[in-house]
Amino acid sequence: MRSSSQSSLATSQQLADAIRLRIIEMSASPAGVHVGGSISIADIMGVLYAEILRNPAGGWSDHDRDHFILSKGHACSALYAALVEIGALDARALDSYAEDDGILAGHPMKGISGVDFSTGALGHGLPIGVGIALGGLRLGTRRRAFVILGDGELQEGSNWEAAMAAPALGLHNLVAIVDRNRWQISGATEDCVGLEPLSSKWSSFGWETAVIDGHDHAQIRDALTAPRERPLAVVAETIKARGVPGLEDTKDSHSASLDDQERAAALRAMGRLTS
Ligand SMILES: Cc1ncc(C[n+]2csc(CCOP(=O)(O)OP(=O)(O)O)c2C)c(N)n1
């Protein structure tokens, strides 16, 4: 399936809808797409890229810009979609997603416009975010770092080293957003290694915290724009593969290749197909 042509978008809701559409289009790939965990962050990505991030694909010469790190790199279809929508990436690149001759791999690779660090090996995004935020403060810039983590990803111990370091280093310019969809690859997070009480874990490490509905744009916006003096951890309650028939809130949504009928059903459920 060819990807829709690039569009210029204004609101976070339009952007989130466009991201969802592109995720479903990309799921035609025989390599499969991490549909569930990409859809679960679509609204967060919509707000981030429409309203919050300053010059996110601005390269390294702009020291005052924001950096976004998709630590749960398997959800790269949501990132690629956002980068297309803001004009950082050519929409045609999506057509060869995960193919040998394409530029977009199944995880984000440094070198793609708007991707500052390669991710996919879980547990590295937050430590990188600490370094970026610390560098920003030491340079005396307005730089901020925003990191999206999976909840299952929090089982990686490196996250908790970073979580300890950030408040100690005074990183008020660092935001961790946990995609709390309650699933990981092997099952429900609470059946694997339970995370609760998750918000108080972060606050006990010295972070400011917010627990929000990760599909409610006003709540996402309010959490990300509230004045803060310490690093912020946002626990975003989300639904894996939200709105995708047969996959919503299931373990099987983790990675999928959707056939024509399944994609049509998903687009219909999203109101993007009427017949
Ligand atoms: C270090 C590392 N170990 C294992 C994996 C394989 N892996 C890919 S996705 C995933 C599950 C992650 O769960 P979660 O962070 O909750 O992601 P989500 O459910 O939101 O997609 C795992 C274990 C990996 N990418 N990196």
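Name the pairs: first residue in the stretch 54-71 and charged (D, E, K, R), second residue modelled with pLDDT under 95, Cβ to Cβ under 9 Å, at least 6 apart or on different chains?
Cβ pairs passing all conditions: Arg65/Gly59.
Does Tyr97 satisfy being at pLDDT 95 or above and either closer than 23 Å to Trp160 by Cα or open to solvent by less than 50 Å² (accessible area, probe 1.4 Å) (or both)?
Values: at pLDDT 95 or above: no; either closer than 23 Å to Trp160 by Cα or open to solvent by less than 50 Å² (accessible area, probe 1.4 Å) (or both): yes.
Here the answer is no, as Tyr97 does not meet what is asked.
Restricting the stretch 239-272 to residues that are within 17 Å of the chain's Cα centre (by Cα) and part of a loop (DSSP other than H, G, I, E, B), which is farthest from Glu153 (Cα to Cα)?
Ranking the candidates gives Arg242 first.
Give the residue, chosen from Ile212, Ile220, that is touching a residue at least 40 places away in the same chain (Cβ under 8 Å), within 19 Å of Ile239 (Cα to Cα) and outside any loop (DSSP other than H, G, I, E, B).
Step by step, each of Ile212, Ile220 is checked, and only Ile220 is touching a residue at least 40 places away in the same chain (Cβ under 8 Å), within 19 Å of Ile239 (Cα to Cα) and outside any loop (DSSP other than H, G, I, E, B).
Right, Asp213: near the ligand (Cβ under 10 Å from one of its atoms) and either in contact with a strand residue (DSSP E or B) (Cβ under 6 Å, 6 or more places away or on another chain) or among the hydroxyl-bearing types (Ser, Thr, Tyr) (or both) or not?
So Asp213 fails the test.
Do the conditions hold for Asp216, that is, is it of a type in the set (Asp, Glu), over 17 Å from the mean Cα position of the chain (by Cα), open to solvent by 20 Å² or more (accessible area, probe 1.4 Å) and under 19 Å from Leu48 (Cα atoms)? Full working, then the answer.
Working: of a type in the set (Asp, Glu): yes; over 17 Å from the mean Cα position of the chain (by Cα): no; open to solvent by 20 Å² or more (accessible area, probe 1.4 Å): yes; under 19 Å from Leu48 (Cα atoms): yes.
Taking the combined requirement at face value, the residue does not satisfy it.
Does the stretch 104-139 hold any residues that are closer than 21 Å to Asn55 by Cβ, within 16 Å of the ligand (Cβ to nearest atom), in a loop (DSSP other than H, G, I, E, B) and of a type outside the set (Val, Ile, Thr), and which are they?
Scanning the stretch 104-139 gives Pro108, Met109, Phe117, Ser118.
So, in the stretch 191-203, of the ones that are within 14 Å of the ligand (Cβ to nearest atom) and surrounded by 13 or more Cβ atoms within 10 Å (Cβ to Cβ), which residue ends up nearest to Gly140 (Cα to Cα)?
If we take residues in the stretch 191-203 being within 14 Å of the ligand (Cβ to nearest atom) and surrounded by 13 or more Cβ atoms within 10 Å (Cβ to Cβ), then Leu198 is nearest to Gly140 (Cα to Cα).
Which one of these is buried (at least 20 other Cβ atoms within 10 Å of the Cβ) and on the phi > 0 side of the Ramachandran plot: Gly87, Gly114, Gly136?
Among Gly87, Gly114, Gly136, only Gly114 is buried (at least 20 other Cβ atoms within 10 Å of the Cβ) and on the phi > 0 side of the Ramachandran plot.
Applying the selection to the stretch 143-180, what residues are near the ligand (Cβ under 10 Å from one of its atoms), in a loop (DSSP other than H, G, I, E, B) and open to solvent by 10 Å² or more (accessible area, probe 1.4 Å)?
The one that is near the ligand (Cβ under 10 Å from one of its atoms), in a loop (DSSP other than H, G, I, E, B) and open to solvent by 10 Å² or more (accessible area, probe 1.4 Å): Glu156.
Rundown of residues vs (1) touching a Phe, Trp or Tyr at 6+ places or on another chain (Cβ under 6 Å); (2) over 20 Å from Ile220 (Cα atoms), yes/no style:
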position	(1), (2)
Gly36	no, no
Val47	no, no
Ala57	no, yes
Trp60	no, yes
Ala105	no, yes
Lys110	yes, yes
Ala121	no, yes
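Just checking, which of Ile24, Ile52 is β-branched (Val, Ile, Thr), open to solvent by 10 Å² or more (accessible area, probe 1.4 Å) and more than 14 Å from the ligand (Cβ to nearest atom)?
Matching residue, one of Ile24, Ile52: Ile52.
Among the listed residues Gly59, Gly46, Gly73, which satisfies the condition of being more than 23 Å from Gln261 (Cα to Cα) and surrounded by fewer than 21 Cβ atoms within 10 Å (Cβ to Cβ)?
None of the other options fit; the residue is Gly59.
Name every residue in the stretch 181-190 that is under 14 Å from Gly73 (Cα atoms) and more than 9 Å from the ligand (Cβ to nearest atom), in order of residue number.
Hits for the stretch 181-190: nothing passes.
The values are calculated or read from the model by the stated rules, or taken from the named source; none is laboratory data. These figures come from a predicted structure and were not determined experimentally. A quick note on method: Cβ atoms are made from the backbone with ideal geometry, for glycine too, and the neighbour counts reach across all protein chains shown. Just so you know, the surface numbers come from the protein's heavy atoms only, side chains and all, with ligands and any DNA or RNA stripped out. Shrake-Rupley method; radii C 1.70, N 1.55, O 1.52, S 1.80 Å.
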